[in-house]
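Working notes for the structure below.
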Amino acid sequence: MIKAEEAIVARDLRKRFPVGMGLRRKQVEALKGVTFTVRRGEIYALLGPNGAGKTTTVRIISTLLLPDSGEARVLGYDVVKDRWEVRKRIGVMLSVERGFYWKLTARENLYYFGRIYGIPKRKLLGKIEEVLDLVGLKEIGAEDKPYEEMSLGMKARLGLARVLLKDPEVLILDEPTLGLDPPSARMIRSMLRSLADEGRTVLVTTHNMYEAEILSDKVGIIVSGRIVMEGTPSSLKRTVYKVVPISFRLKITPMADLEGLRTSLGMLVEAGRTSITVNGDEVRLRIVIPRVEREESYIEAVTRISYEKGFKLLEARVEEPSLEDVFIEVSSRAAAN
Amino acid sequence: MPLGEHARIFATIVKAEASFRIMELKRNPIFTILSLVWPYLMLVSIYVLGTSYGSIERFEAAMKVDDPILFLAVASAIAFTAVGVIDYTTNSILWHRWLGTLPYVIMSTPSFTAYMIASGIVVTGFAIAMNYISISPLILVIGGFESFYKLMIIVGIALLGMVPLAGIAAVAGLLSIIVKEEGNVLGFLNPLLLLVSGVFYPIEILPRILALMSKLVPVTYLVETAKLVAAFQATEVKIIYIALYVFGLMAIVYNLGGGMVIAMLERHAQKRGVSM
Amino acid sequence: MINTLSRALEQAAVMTWAHFKRAWRMKYNMVNWAIIDALWLLIFIFAGLAFTPPEYYPRVVPILFFSMVLWSLMSTPIWAIGNWVRFYINIGLIDEHELAGASHVAFLATRSIPSTIISIISAIAVGTILYLATGVNPLRVGNIPLLLFSMVMVLSMATAYALIIAFAGMKLKVPAPMLDIMNIAFFFIGGVAVDVDNIPWPLTIVAVLTPYSHPAELMRYAVSGFPPYLGFAGEVLASIIFLALLAAIVAVVYRIAYTDYRSLGARGVGLT
C-alpha cells in the first residue's frame, strides 16, 4: 500500500541483461534488488559509480525498461501496468546531449515534442516562450539555434525546458549536469531546487558528490545494483563517520623524495586511502584513517616520514568527512562484502 | 627534413595502409564477399535489363566487341575499379572523421598530401586486385588461358589508367572533410565518371554535352583500350599506344592540378580548421 | 477511439513537418543524393538502350524510364528508414518518442514522404537527359492517374519493406541496409525491370509472388497499354493484398523488436 506522501516507491527491483554472443552469452545482473522511497516535494539523489545501476533504475521508473521482478510505483501508479498514467505525470531527462532532432532549432524541437505530447497548439506556443525564458535560453540568444550547433550547456537547458513543457508532478533526471560548465550546472541545480520548493518531486542520478550534497534532501548510494546506504547527506556522514580524513601541507626541499614518501605512506595507510598532489613547491597530502584509531599517532608518523623523505611539514589538519569520503567508504565496504 | 626521412615515412604509411586494408578484408568477410560479387551483380543486372528490352546481338554490334559477355565482365571490373579508387579514398577520410581518428592520421605525416598520395597508391592497387581477382574465374572458364592472358594486359593498362584518378580522388576526399555536410559531397563523382565514360554502352548514345565530357575522363580511354586488347588486332596496337600517352598526359595534368588544389585545401583547412 | 485516431493523425502530421524541416536544412545533401540517384539510373537506362535497336526507342524509352523511377522509389526508403533507424536509436529519439507515447512506426514511416523528393528530382533530371539523348519523350503516358496509383503503391510497399528490415536489424543488431538483399532481386527477377510475361517459367512464380511486380505491371499498362499479367482488376487486387500483407509483417516484426527494446533498453537494440 502506497502512502499519499510517497511520490516514488521502488521495491526489490531486479534486472539482468544478456552480454556476449552465442556460446559466450551470459547474463549480467544490473540490479540486485533496489529498494527506495522518494517523498513528495523531495529531491532524491541516486549516487553511485559508473555501472552501479543508476541509469537502469531511472529507466525502469520512467517506464522505459521492464524490470525482471520487483515493483515500482510513481504517484501510486505501477510503472509496468499503468505506464501511460505514469508517463502523463512525469518529466524525464535521460541525457544532457541526446534525444532531440539535430536539424531543428530549440524552439522547433520544443514545438515538435509539445505536439507529440498532445499539448494544444495555442497553449503550447505560450508555454514554449515561458520555458525558454525560464531556462535562460532566450537570455543567451540560443532559442533559434539548431540543436546540432548548441553547446553542451545549451543542450542541457533545452532538455530541462522539454521536461518543464509538460508541467510534470515528478521529474526524473539522469546525470543532468554531466560535463556542463559551472554556470549551466548551477542554473540547473537552482532550477531543480525551486521546482522542489513548488512541491514537485525530483529524482536525480549523479556521481557528483558536491551536487548530491548541496542539492538533495535525501541520498541513496547505489553500488553494484544495490542501494547500500540511504539518508540525508548529514545523516550519512554521521553514520559513516567512522573514518577521519587528515590533510597535510608539506614543503618540498632539495632532498625531497616523492616516490619514497608515497611508498612509506603506503605502508602506513590502507591502499586507496591516500592522495598526494604536488602544487608548486608544496605537496598536499590527504589520508583517511579509521575513526577508532588515534589521529595524533598518524600525524606523528606522517611528520616523521616527511622529515625522513626530505619534506618540511607546514600544516596538519583533521577534517570533517565529505560526502565523497562517505561514498568511498561505503563503496569499498560494499566491494569487500 | 632530409629526403630519406620523407621516403621512410612515406613507405611506413604505404605499409600501414596496406595492412589496414588486408585486416579489413580478413575481419569483415561479408564485405570481402560483397566486393568480389559486385562486378557479377552488375554484369547480370545489365544483361537481364538489356536482353529484356533488346538483344545481346544488338549490344555486340553496338559495342563492336567479339564476345559481349567477356566484355561486360571486363567492363564491370573497370567500372568497379574506378568506383573503388574514388570511394576508398573519400570514404576512408570520412571514416577517419567520424571515428575521430582524423587528427592522428593528419599528424602522422609532415604533410597531409603525402598521406593522400601514399594511401592513394595502396587504394588503387587494392581496387584493381579485388576486381580482377573477382572476374578472373569467369574469364578463365569462358575464354580460356588466352583471354586470361589478355586480362593481365588489361590489368597493366588499368593500373596506368587509374593514376589520373588518384588526384581527383584526393581532392574529393579533402573536400569532403572541409565542407560541413554529413555525407560525401562529391558522391556524384563516381556515377558521373561511369556515365560519361561509356563503360556499358557506346558513347554516341549520350547527349552531346556528356559525350564531350567523356573525352576528359581516363576511364573512357581505358574502356576503349580494353576493347582493342580483347580484339588483339595488330593494326590497332598504335591506338593502344595513343591511349597510354593520353593516360600519361592526364596523369600529369590531373595529379599536378590535384596536388595544387590539395595544397590549397590543406592551407585553408589549417587556417580555418576542418570539421573533425 | 476518435480521440486516439485524431491524436495519431496529429502526431503523424507534426512528424512529417519535422522531417520536411530537416530535409530543407539538408537541401544540398538532398540535391546531391538526387544527382547520384539520377546518374546511376542513367547508367542502367543507357546500358539497357545499348541492347535496343533505335527504332524501338519510342516504345522502350518511357517504360524503361518509369521502371527506373520505380527502382528509385523502391530504394530510397531503405536509406531514409532502414539506415536512419540507427540514428533514431543512438541519438536517443526512440526513448523520447516512447515516453511521449508516440508511434515509432509512424515516425520512421513518415520519413519516406520527404525522401520522395529525391526520386522526383532525379526523375526530372533523368527524363530530361533521356529526351536529349533519344529524342523520345519519356513522359508520354497513356493513363496518368493509374501511373500515379502504381507509384504510390510501390512507395508504400517500399516503406513497409524498409520498416521490416529496420526492425529486423534492431532484433538482429545488424545495420538494416545489410539485410537488404532482396531489393535488387525484386527489381530484376521480380517483375519490375522486366514484365512478368517475359520472365522465363519457374521465375514467373517468383515475379508473381513479388509484391512490387503488381504495381509495376499497372505502370506498364498505364504507360503503354501493355496488358497486365493478371489483368487490370487482378493486378489492382494483388497490389492491395500484398500491401496489406507487408503491413501485417511490419506489425509482427515491430512487435518482436519492440519487446526487445522494452526489456533490453535502447542500448540493447542499438547498433553501436
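What follows is calculated from the coordinates using simple rules that are stated; it is not laboratory data. If you're wondering where the values come from, they're calculated on a predicted model, not measured in any experiment. FYI the Cβ positions are ideal-geometry reconstructions off the backbone, even for glycines, and counts take in every protein chain you see.
The table that follows gives values for the structure above.
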{"read-out": "Spin-label proximity, C:W24 to region A:98-121 - amide N less than 15 Å from point 7 Å beyond Cα toward beta carbon", "value": "A:103-109, A:111-112"}
{"read-out": "Fluctuation leader among C:T259, C:T128, C:T110 - chain C, Gaussian network, Cα springs under 10 angstrom", "value": "C:T259"}
{"read-out": "Förster radius 51 Å - calculated FRET efficiency between C:R255 and A:A334, Cβ distance, rounded to 0.05", "value": "0.80"}
{"read-out": "Karplus (6.51, -1.76, 1.60) ³J(HN,Hα), θ = phi - 60°, over region A:123-139, in Hz, Gly and Pro reported as x", "value": "5, 4, 4, x, 5, 4, 4, 5, 6, 4, 5, 4, 8, x, 6, 5, 4"}
{"read-out": "Options B:T81, C:W17, A:A301, ranked by Cα towards positive dipole end of the protein assembly as shown, top entry (Cβ charges)", "value": "A:A301"}
{"read-out": "Packing-based exposure ordering (other Cβ within 10 Å, fewest first) of B:D67, A:D174, A:D197, C:D180", "value": "A:D197, B:D67, C:D180, A:D174"}
{"read-out": "Degrees between helix A:152-165 axis and first principal axis of chain A (Cα, 0 to 90, nearest 10)", "value": "50"}
{"read-out": "Full-extension gain in nm, B:S108 to B:L159, via 0.36 nm per residue minus C-alpha separation", "value": "15.6 nm"}
{"read-out": "Structure-based [θ]222 nm, chain B - -39500 (n - 2.57) summed over DSSP H runs of at least 4, per residue, nearest 500", "value": "-29000 deg cm²/dmol"}
{"read-out": "Helix runs (DSSP H) in chain B reaching 15 Å along axis by Cα, Kyte-Doolittle at least -0.5", "value": "B:3-27, B:29-53, B:68-99, B:112-178, B:218-231, B:237-272"}
{"read-out": "Helix runs (DSSP H) in chain C reaching 15 Å along axis by Cα, Kyte-Doolittle at least 1.6", "value": "C:112-134, C:144-172"}
{"read-out": "Length-normalised contact order for region A:244-320 - Cα pairs under 8 Å, 6+ apart - percent", "value": "54"}
{"read-out": "Given charges at Cβ of Lys, Arg, Asp, Glu: region C:2-269 dipole, positive-most of C:F44, C:F167, C:A207", "value": "C:F167"}
{"read-out": "Whole-number percent relative contact order across region C:2-269, with pairs defined as alpha carbons under 8 Å at least 6 apart", "value": "23"}
{"read-out": "Cα centre as origin, Lys/Arg/Asp/Glu Cβ charges: the protein assembly as shown dipole, Debye", "value": "1120"}
{"read-out": "Whole-number percent relative contact order across region C:156-272, with pairs defined as alpha carbons under 8 Å at least 6 apart", "value": "31"}
{"read-out": "Potential extension, A:R16-A:S69 segment - 0.36 nm per residue separation minus Cα distance", "value": "18.1 nm"}
{"read-out": "Selection from A:I43, A:V19, A:A7, by position along the positive dipole direction of region A:1-63 (Cβ)", "value": "A:V19"}
{"read-out": "Nitroxide proxy distance, nm - points 7 Å out along Cα→Cβ at B:A7 and A:L125", "value": "7.4"}
{"read-out": "Inter-probe distance in nm under a simple model that places probes 7 Å from Cα toward Cβ, at A:E149 and B:A61", "value": "6.0"}
{"read-out": "Rg/Rh for the protein assembly as shown, where both radii come from Cα atoms and Rh is the Kirkwood radius", "value": "1.05"}
{"read-out": "Inter-label distance for A:E139 and B:I142, nm, one decimal - labels placed 7 Å from Cα along Cα-to-Cβ", "value": "7.3"}
{"read-out": "Candidates A:N109, A:N50, A:N279: whichever shows maximal mean-square fluctuation once chain A is modelled as a Gaussian network with Cα springs under 10 Å", "value": "A:N279"}
{"read-out": "Amide proton proximity set for A:T105, modelled H, under 5 Å, gap of 5+", "value": "A:Y147"}
{"read-out": "Sum of -39500 (n - 2.57) over DSSP H runs of 4+, divided by residues of chain C (222 nm, nearest 500)", "value": "-25500 deg cm²/dmol"}
{"read-out": "Chain A: most fluctuating residue of A:E175, A:E293, A:E211 per GNM, C-alpha cutoff 10 Å", "value": "A:E293"}
{"read-out": "Overall Cα dimensions of region B:111-225 - principal axes, largest extent first, Å", "value": "50, 37, 23"}
{"read-out": "Given charges at beta-carbon only (K, R positive; D, E negative), |dipole| of region B:3-272 in Debye", "value": "680"}
{"read-out": "Reachable aspartates and glutamates, given that their alpha-carbon falls under 17 Å from the alpha-carbon of A:K88 and they are not under 8 places away in the same chain", "value": "A:D78, A:D167, A:E169, C:D95, C:E96, C:E98"}
